[in-house]
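No value in this document is a laboratory result; all are computed from the given coordinates. Predicted model, so just to flag it, every value in this text is computed and none were measured. Cβ: placed from backbone, ideal geometry, glycine included. Neighbour counts: every protein chain shown.
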Amino acid sequence: MWSSNSGQINNSQSYSNGGYGIFYSSSTGGQINNSQSYSNRNAGIYYSYSVNGTISNSQSYNNNSHGILFSYSANGVISGSSFYTNTGVGVYFANSNNEQLNNSQSYGNTSYGVYYYPAANS
């Protein structure tokens, strides 16, 4: 999803792709709900340059990078989701502000379960 306003990805599966499973960038207020992303060559979910997005009741696992990579984003909420057995970090917040991780699980990843690297102005 690129440059969307309140776009939604619901009840979807994205797997065995050569890049990211779900690509969400330059958007406002979008949602990823009840979806799975697994066995992708890069991060299962790549969420970048976006604000006020929600990821709920979703899973990202067995990816050849991070489960989810939040990059240069703000005010995103992840809830009720699982990130496991990824080659990298389960949930990686990079250069982001005011993100929330609620009632979720991250386990069995090659690196950290959750890693937060705040934006310079945090």
Between Ser26, Ser106, Ser39, find the one with the highest GNM mean-square fluctuation for the chain; connect C-alpha pairs within less than 10 Å.
-> Ser26
Sort Tyr112, Tyr20, Tyr107 so the one with the fewest other Cβ atoms within 10 Å of its own Cβ comes first.
-> Tyr107, Tyr112, Tyr20
P(r) over all Cα-Cα pairs of segment 8-118, 10 Å bins from 0 to the longest distance, whole percent per bin, short to long, reads 18, 55, 26, 0
